[in-house]
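Working notes, structure below.
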Amino acid sequence: GKKSGDWLKEEKKKVKDAASSASSAPNKDEKTKKKKSSSSSKSDPNSSSSSASAKKTAGSSGGSGVKNWEKEEAKAAAQKKKAAVVAAVAAAEGAAPGKRRVPKTAVKKNDTADDYMAGFGLPSDDDDDENGKVGEEKTREEEEEERDAEEMKKKEEMMQKKKDRVMDKDARKKAMREAETAARAAAAREAALKDDEFVYDVSYAADKMMVASENTRDIKVADLTVRVAGKVLLDGTSLTIAYGRRYALVGPNGKGKTTLMKMLGARRIPVPENIDVLLVEQEMEGTDRTALRAVVEADAELMELRETQQRLEALVVGDENEHNGDDGKAEELNEVYDRLKEMDSAAAEPRAAKILSGLGFTPEMQTRRTDQFSGGWRMRISLARALFVQPTLLLLDEPTNHLDLRAVLWLEEYLRRWKKTLIVVSHDRDFLNSVVTDVIHLHDLRLDFYRGDFERFHAMLEQRRAAVNKDADKFEKSLKAAKGDKAKKDKAIAAAKLSAADRAAASGAKGGGGGGESGKVPTRWTDYSVSFEFPEPTELPHPLLQLIDVDFAYAGRADFAMTNINLGVDMGTRVAVVGPNGAGKSTLMNLIAGDLKPVNGESRRSHKLRIGRYSQHFVDVLQMDMNAVEYLLSAFPDAGLNAQAMRAKLGRFGLPGVNHLQPIIKLSGGQKARVVFTAISLAQPHILLLDEPTNHLDMESIDALADALVEFEGGVVLISHDARVISQVCEDEARAEVWVVDDGTVKTFDGSFDDYKDQLIAEVIAEQDDE
């Protein structure tokens with residue numbers, strides 16, 4: 001018998017020959033294969049040995065002429081061998097882990113019907129070693145490439161994870177910052193919505209206080225320091241108010257002017273007891289009293305004397321009826337009569353009526369209940385009450401805000417004749433120039449005093465600014481020259497303080513600014529500036545807007561109607577709308593804007609027209625529970641601005657950064673106005689409709705607004721009580737018009753705005769001269 005290794009090779013060779021034969025002629029008959037094989041054997045000299053070898057091999061496997069039982073036995077032995085081979089192959093395939101497995105040989109069943117090894121994968125023999133090595137080498141290269149690719153993938157995954165961690169960290173930081181900002185804003189909103197407390201910390205030099213007496217009517221406070229909720233408003237300054245002088249208190253918004261007025265009104269700053277003080281800062285509460293009655297009843301002493309008069313007269317009459325004369329009651333009644341005569345009680349109602357008339361109240365309005373008036377009109381009633389009482393010290397905070405132009409001119413003339421002490425806060429330069437005799441400038445935590453009207457103050461202020469900045473430059477140069485030499489540095493500081501003290505003394509002697517800078521080293525002037533700007537509008541065909549034969553009336557109101565309105569507004573138009581309050585100026589603005597529809601006539605406008613509006617009651621359109629940034633981002637999502645850019649825009653319109661995240665409800669009137677002007681700018685309007693836009697603005701902002709309106713290339717329609725702003729906007733008489741709204745009509749005034757103003761002044765002076 002043959003060795004098992006030789007036998008295994010021969011069996012594998014059979015399988016290979018069968019596979020080769022099947023691949024060379026798969027569709028030919030087996031007999032044809034045998035014939036071709038036989039003929040090739042004859043022609044090939046080497047075929048005889050091959051054939052003999054094959055026969056020998058065949059004879060050794062089975063042999064010809066073996067008996068049937070031998071065949072059966074041989075067959076059983078072959079099956080055993082087959083099983084052994086299968087086991088060997090399975091062992092070879094499963095053994096030696098890590099070695100390359102040889103794929104099974106693909107052989108068709110019909111080609112290997114007699115081959116019991118068909119379908120089994122066998123180990124490669126010596127002839128396959130070279131091909132196997134090549135395959136193994138290729139596989140190793142592939143494995144190395146796969147390992148390299150796997151390592152590269154792992155590195156990339158690690159790098160991505162690091163990036164993700166960094167990005168996640170940045171995102172977490174950003175989210176934390178946003179959450180902190182939102183929390184701060186929410187906390188500020190919650191804190192701001194709480195009621196403010198009247199928390200003032202006031203200190204002053206008590207040993208330098210003026211000794212109070214019955215004749216003391218001046219106020220003098222030295223070394224005055226004021227803090228509000230920890231914020232310093234005044235620091236070591238002095239306050240001197242002389243009886244009979246009329247003072248303007250000026251300075252940027254938010255620096256403490258209104259706070260100082262409130263403290264004087266509440267006597268938180270020492271005021272002699274014999275000085276009666278009255279502060280007018282808000283409208284009176286509406287009641288069932290008439291306007292005239294409300295003004296007269298403001299004089300508490302007069303009301304008390306009249307009640308005493310009625311009570312005593314009833315008692316005296318009763319005693320006379322009972323023939324029990326009481327000389328004491330009669331004497332007291334006579335004293336009451338004398339005091340009432342001294343107070344000119346009989347003229348109280350006529351005097352109150354004249355004050356109300358000057359402030360714009362018609363005879364019918366004077367008899368109307370106060371709870372039927374708007375807030376603006378009730379503010380006028382509060383002002384009338386103060387003028388009627390005539391306190392020793394009258395404090396007026398923005399008294400012109402709710403007045404029309406004629407009422408402002410009337411108040412100017414009335415206060416020019418004021419005989420007692422007056423302190424007024426106002427943004428109206430023309431008003432201050434007409435009324436005041438002195439100016440108190442709140443600047444850099446101190447109060448500086450100037451003699452003269454506002455224009456003289458402004459000129460002196462410019463000179464002082466230049467001098468202060470020059471001294472500051474000189475002082476800075478002297479410090480640099482010292483170069484670390486302490487003795488020289490101390491000498492330079494001492495010289496600067498002495499120079500400042502001399503200058504303060506000389507300035508005070510001349511009636512200029514003083515107080516507060518004596519004994520201090522010079523520092524550069526802290527300037528406050530603000531700049532308004534409205535974007536250049538896109539071109540639109542003329543006319544932009546027209547009202548043609550328009551009539552208007554409110555439903556259910558027979559007392560008001562406007563008829564036969566014909567007007568137009570184009571690019572470059574400048575219009576001043578004037579007339580008494582209640583005549584229909586704001587109604588006309590609403591008709592132009594399209595908020596009201598005519599009952600007759602036609603309103604035409606370009607379909608691409610954009611209108612920017614500012615109203616006296618602009619607070620009604622603001623979201624009070626939102627801060628300014630949130631409001632503008634929600635109102636103008638297409639502006640393409642993020643929160644930071646929106647804050648920058650608010651800053652350009654003069655809203656301090658500390659107010660950007662405060663709820664709008666807690667902003668001052670001037671701060672709310674800046675939010676509205678920022679919104680107007682974002683709307684990119686072609687026409688501006690402005691109804692009292694200077695209300696609540698400081699002088700610097702009013703100047704900036706006037707400059708912006710002059711530069712604006714679109715149309716401007718303006719209602720204002722500030723004559724100076726109107727004069728600036730309507731300076732170009734070629735394109736300026738004055739529309740007078742009165743008695744239900746809108747008429748164009750024949751002349752310039754200055755001509756119209758001069759006409760009103762002449763009427764007011766004649767009216768008060770008659771009184």
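In the set Leu760, Leu718, Leu705, only one residue is over 29 Å from Gly640 (Cβ atoms) and touching a Pro at 6+ places or on another chain (Cβ under 8 Å); that residue is Leu718. Quick one: Met303 ticks every box in (1) of a type in the set (A, V, I, L, M); (2) in a helix (DSSP H, G or I); (3) within 41 Å of the chain's Cα centre (by Cα) bar one, so which box is it? Here Met303 clears every test but (3).
The combined condition, being under 28 Å from Ser531 (Cβ atoms) and open to solvent by less than 60 Å² (accessible area, probe 1.4 Å), is fulfilled by Asp691. If you go through the stretch 622-641 and keep only what is crowded, with 18+ Cβ neighbours inside 10 Å and in a helix (DSSP H, G or I), you end up with Ala628, Val629, Glu630, Tyr631, Leu632. The residues on offer are Glu297, Glu304, Glu273, and the sole one that is surrounded by fewer than 20 Cβ atoms within 10 Å (Cβ to Cβ), modelled with pLDDT of 90 or more and more than 24 Å from Phe361 (Cβ to Cβ) is Glu304. Considering the stretch 333-359, and only residues there that are in a helix (DSSP H, G or I), of a type in the set (D, E, K, R) and free of Cβ contacts under 8 Å to residues at least 12 places away in the same chain, the residue that is surrounded by the fewest Cβ atoms within 10 Å (Cβ to Cβ) turns out to be Glu342.
Restricting Leu411, Leu387, Leu403, Leu422 to residues that are open to solvent by less than 10 Å² (accessible area, probe 1.4 Å) and assigned to a loop (DSSP other than H, G, I, E, B) narrows the list to Leu403.
Just give me the residues in the stretch 642-658 being closer than 17 Å to Glu178 by Cα and assigned to a loop (DSSP other than H, G, I, E, B), in sequence order. Hit for the stretch 642-658 is Asn642, nothing else. Against the numbered list (1) under 30 Å from Trp525 (Cα atoms); (2) open to solvent by less than 20 Å² (accessible area, probe 1.4 Å), Lys255 comes up short only at (2). Can you say whether Gly236 is open to solvent by 20 Å² or more (accessible area, probe 1.4 Å) and part of a loop (DSSP other than H, G, I, E, B), as far as the supplied structure shows? It is false that Gly236 is open to solvent by 20 Å² or more (accessible area, probe 1.4 Å) and part of a loop (DSSP other than H, G, I, E, B).
Looking across the stretch 727-754 at every residue that is within 30 Å of Asp559 (Cα to Cα) and outside any strand (DSSP E or B), the one that is nearest to the chain's Cα centre (by Cα) is identified as Phe753. Taking the listed residues Asp428, Asp448, the one that is modelled with pLDDT of 90 or more, among the charged types (D, E, K, R) and within 27 Å of Ala495 (Cβ to Cβ) is Asp448, with no other qualifying. Taking each residue of the stretch 293-311 that is more than 17 Å from Ile381 (Cβ to Cβ) and looking for partners that are open to solvent by 60 Å² or more (accessible area, probe 1.4 Å) with beta-carbon atoms closer than 9 Å, six or more apart or interchain, yields Glu301/Arg339; Leu305/Arg339; Thr308/Glu332; Gln309/Tyr337.
Restricting Asp201, Asp207 to those that are surrounded by fewer than 18 Cβ atoms within 10 Å (Cβ to Cβ), assigned to a strand (DSSP E or B) and modelled with pLDDT under 90 reduces the list to Asp201. Exactly one residue out of Asp722, Asp698, Asp707 is over 22 Å from the mean Cα position of the chain (by Cα), more than 25 Å from Arg610 (Cα to Cα) and acidic (Asp, Glu): that is Asp722. Number of residues in the stretch 369-384 that are surrounded by fewer than 15 Cβ atoms within 10 Å (Cβ to Cβ) and either touching a strand residue (DSSP E or B) at 6+ places or on another chain (Cβ under 9 Å) or farther than 15 Å from Arg289 by Cα (or both): the value is 2. Counting the residues of the stretch 451-463 that are open to solvent by less than 30 Å² (accessible area, probe 1.4 Å) and either modelled with pLDDT of 90 or more or of a type outside the set (A, V, I, L, M) (or both) gives 3. Inspect the stretch 701-717 for any residue being assigned to a loop (DSSP other than H, G, I, E, B), within 30 Å of Phe552 (Cα to Cα) and touching a strand residue (DSSP E or B) at 6+ places or on another chain (Cβ under 6 Å) and give the result as yes or no. Yes, because at least one residue in the stretch 701-717 is assigned to a loop (DSSP other than H, G, I, E, B), within 30 Å of Phe552 (Cα to Cα) and touching a strand residue (DSSP E or B) at 6+ places or on another chain (Cβ under 6 Å). Beta carbons closer than 6 Å, at least 6 apart along the sequence or on distinct chains, pair a first residue in the stretch 729-757 that is among the aliphatic types (A, V, I, L, M) with a second that is open to solvent by 40 Å² or more (accessible area, probe 1.4 Å) for Val738/Phe749; Val740/Lys747; Val740/Phe749. Please go through the stretch 587-612 and give me each residue that is in contact with a helix residue (DSSP H, G or I) (Cβ under 8 Å, 6 or more places away or on another chain) and among the hydrophobic types (A, V, I, L, M, F, W, C), ordered by number. Within the stretch 587-612, Leu596, Ile611 qualify. Residue check: is Thr437 surrounded by fewer than 21 Cβ atoms within 10 Å (Cβ to Cβ), more than 30 Å from Thr308 (Cα to Cα), of a type in the set (S, T, N, Q) and touching a Phe, Trp or Tyr at 6+ places or on another chain (Cβ under 9 Å)? Against the criterion (surrounded by fewer than 21 Cβ atoms within 10 Å (Cβ to Cβ), more than 30 Å from Thr308 (Cα to Cα), of a type in the set (S, T, N, Q) and touching a Phe, Trp or Tyr at 6+ places or on another chain (Cβ under 9 Å)), Thr437 qualifies.
Of the residues in the stretch 360-368, at least one is open to solvent by less than 10 Å² (accessible area, probe 1.4 Å) and assigned to a loop (DSSP other than H, G, I, E, B). The one condition from (1) crowded, with 17+ Cβ neighbours inside 10 Å; (2) modelled with pLDDT under 90; (3) in contact with a Lys or Arg (Cβ under 7 Å, 6 or more places away or on another chain) that Val619 does not meet is (1).
Here is a yes/no grid of residues against (1) β-branched (Val, Ile, Thr); (2) closer than 22 Å to Pro399 by Cα; (3) at pLDDT below 90:
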residue	(1), (2), (3)
Gly669	no, yes, yes
Arg674	no, yes, no
His686	no, no, no
Asp722	no, yes, no
Val725	yes, yes, no
Ser752	no, no, no
Lys757	no, yes, no
Ile761	yes, yes, no
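Each residue in the stretch 538-562 was checked for being surrounded by 13 or more Cβ atoms within 10 Å (Cβ to Cβ) and assigned to a strand (DSSP E or B), and 8 pass.
If I filter the stretch 283-291 for residues that are at pLDDT 90 or above and in a helix (DSSP H, G or I), do I get at least one hit? Within the stretch 283-291, one or more residues are at pLDDT 90 or above and in a helix (DSSP H, G or I). Residues in the stretch 563-586 that are within 19 Å of Gly358 (Cα to Cα), open to solvent by less than 20 Å² (accessible area, probe 1.4 Å) and touching a helix residue (DSSP H, G or I) at 6+ places or on another chain (Cβ under 7 Å): 2 in all. Quick check: anything in the stretch 468-485 at pLDDT 90 or above and open to solvent by 20 Å² or more (accessible area, probe 1.4 Å)? The answer is no; no qualifying residue exists.
No other residue among Phe552, Phe560, Phe532 is within 16 Å of Pro685 (Cβ to Cβ) and of a type in the set (Phe, Trp, Tyr) apart from Phe532.
The values are calculated or read from the model by the stated rules, or taken from the named source; none is laboratory data. Worth saying up front: this structure is predicted, and the values here are computed from it rather than measured. Because the Cβ atoms are built from the backbone with ideal geometry, glycine has one as well, and the counts that use them run over all protein chains shown. Surface accessibility is based on the protein's heavy atoms, side chains included, excluding ligands, DNA and RNA. Shrake-Rupley method; radii C 1.70, N 1.55, O 1.52, S 1.80 Å.
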